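Coordinate-derived values only; no laboratory data. Treat the numbers as computed from the prediction; the structure is a model and nothing was measured. We place every Cβ from the backbone using ideal geometry, glycine too, and count neighbours over all the protein chains shown.
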Amino acid sequence: MQPTLQPGDQVEINSLCVEKNNIVLNDVVGIKFKNLNTPVIKRVVATPGSTFVVTAQNKNRLLAKQLAKYQNVLPQNQFIVTGDNAIVSQDSNSYGMVAKHQIIGCMTQVLKP
């Protein structure tokens with residue numbers, strides 16, 4: 001997958017997708033993690049109710065353990081996200097499932113420097 005953002009890009013985030021429960025597969029979203037000062041931008045790869053299986057390619061013990069509790073079906077208000085540069089991305093492979101309340105909005109446009 002080609003990276004959506006380049007170094008120096010800024011994005012516009014709209015919170016309406018969260019407020020209206022309209023976060024869908026492949027949306028690019030802003031996420032606020034407790035341990036990070038700045039929101040991160042990631043792509044939604046699985047939505048609530050989706051079946052998601054952890055394979056050798058995306059093997060992660062935390063994510064696999066979380067999903068095992070739900071027979072590999074994402075529970076309500078939980079998402080799986082990934083970065084477009086998956087090799088170095090800090091995403092659900094690092095942090096596990098992302099709760100809806102952590103998502104601050106959906107990207108509406110990229111502002112080039």
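Here are a few things to note about the model shown:
- Expected-Rg normalisation [2.2 N^0.38 Å, Cα atoms] applied to the chain: 1.04
- Sorted largest first, the spans of the alpha carbon positions of segment 18-58 along the three principal axes are 31, 27, 15 Å.
- Per-pair calculated FRET efficiency, R0 = 25 Å: residue 99 and residue 22 via Cβ, rounded to 0.05: 0.90
- Amide H contacts of residue 33 (H built 1.01 Å from N, in plane; Pro and chain starts excluded): 40 sit under 5 Å, all sequence-distant by 5 or more or on other chains.
- Charge dipole magnitude, Cβ of K and R +1, D and E -1 - the chain, Cα centre, debye nearest 20: 420 debye
- By the helix-only formula, in which each DSSP H run with n ≥ 4 contributes -39500 (n - 2.57) and the sum is divided by residues, the chain has a 222 nm mean residue ellipticity of -3000 deg cm²/dmol.
- Projecting the Cα atoms of 28, 96, 40 onto the charge dipole of segment 10-111, computed from C-beta unit charges around the Cα centre, puts 96 farthest toward the positive end.
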